[in-house]
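Worksheet: the structure to be examined is printed underneath.
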């Protein structure tokens with residue numbers, strides 16, 4: 001089925017290969033894709049080290065580097081948390097252009113969209129136990145290699161932002 005518009009939510013802390021694959025998957029199934037940058041109010045914590053602005057910049061560079069031809073089909077929208085699962089999809093409806101459903105590997109997100117009668121699509125997952133934000137941040141904290149899970153198009157920008165050093169400092173600050 002071809003949708004008009006699908007949502008791809010994430011915290012993107014940092015954007016990684018799994019995110020790239022989910023966005024590409026959504027683009028194959030919809031005319032337009034809304035990339036929701038969640039927890040926009042959070043930054044400089046171990047769970048959310050990057051600011052919403054930094055994540056927007058990284059996602060734009062990722063799109064330009066990996067799928068430039070799709071730029072006009074994508075929206076990047078930072079969204080603050082509301083801490084109320086039952087009304088979260090309604091909250092998104094208030095903030096975003098109209099959408100038909102979601103592409104997510106998160107079971108809760110899929111349930112919330114289904115509960116609202118919207119499409120809830122699970123994409124094929126890209127090495128979920130290896131390439132996810134928590135694993136990447138833990139690898140950095142342990143001084144291990146993590147760059148392979150991050151698209152090459154944004155590695156330089158993450159380095160310029162001092163992402164790895166920020167994570168290490170946040171670990172020390174605990």
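The values are calculated or read from the model by the stated rules, or taken from the named source; none is laboratory data. Everything quoted here is computed from the prediction, not taken from an experiment. Quick reminder, even Gly has a Cβ in these numbers, built from the backbone with ideal geometry, and neighbours come from all protein chains shown.
Considered as a group, the residues in the stretch 93-108 that are under 23 Å from residue 2 (Cβ atoms) and touching a helix residue (DSSP H, G or I) at 6+ places or on another chain (Cβ under 9 Å) include one that is surrounded by the fewest Cβ atoms within 10 Å (Cβ to Cβ), and that residue is 105. Here the stretch 71-84 is the region considered, the condition is being surrounded by fewer than 14 Cβ atoms within 10 Å (Cβ to Cβ) and in contact with a helix residue (DSSP H, G or I) (Cβ under 6 Å, 6 or more places away or on another chain), and the residue that is nearest to residue 114 (Cα to Cα) is 82. From the residues in the stretch 109-126 that are touching a residue at least 24 places away in the same chain (Cβ under 8 Å) and part of a loop (DSSP other than H, G, I, E, B), which one is surrounded by the fewest Cβ atoms within 10 Å (Cβ to Cβ)? Result: 124. Within the stretch 88-107, is even one residue part of a helix (DSSP H, G or I), within 17 Å of residue 154 (Cβ to Cβ) and modelled with pLDDT of 95 or more? No, the stretch 88-107 contains no residue that is part of a helix (DSSP H, G or I), within 17 Å of residue 154 (Cβ to Cβ) and modelled with pLDDT of 95 or more.
Listed here are the residues, each with its yes/no results for (1) surrounded by fewer than 22 Cβ atoms within 10 Å (Cβ to Cβ); (2) in contact with a helix residue (DSSP H, G or I) (Cβ under 7 Å, 6 or more places away or on another chain); (3) over 18 Å from residue 110 (Cα atoms); (4) modelled with pLDDT of 95 or more.
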site	(1), (2), (3), (4)
26	no, no, no, yes
29	yes, no, no, yes
35	no, yes, no, yes
54	yes, yes, yes, yes
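In the set (1) more than 19 Å from residue 158 (Cβ to Cβ); (2) at pLDDT 95 or above; (3) surrounded by 14 or more Cβ atoms within 10 Å (Cβ to Cβ), the condition left unmet by residue 49 is number (1). Restricted to the stretch 59-87, and to residues there that are out of contact with any strand residue (DSSP E or B) (no Cβ under 9 Å at 6 or more places or on another chain) and assigned to a loop (DSSP other than H, G, I, E, B), the residue that is modelled with the lowest pLDDT is 83. Within the stretch 112-126, the residues that satisfy the criterion of being within 21 Å of residue 4 (Cα to Cα) and under 18 Å from the mean Cα position of the chain (by Cα) are 112, 113, 120, 121, 122, 123, 124.
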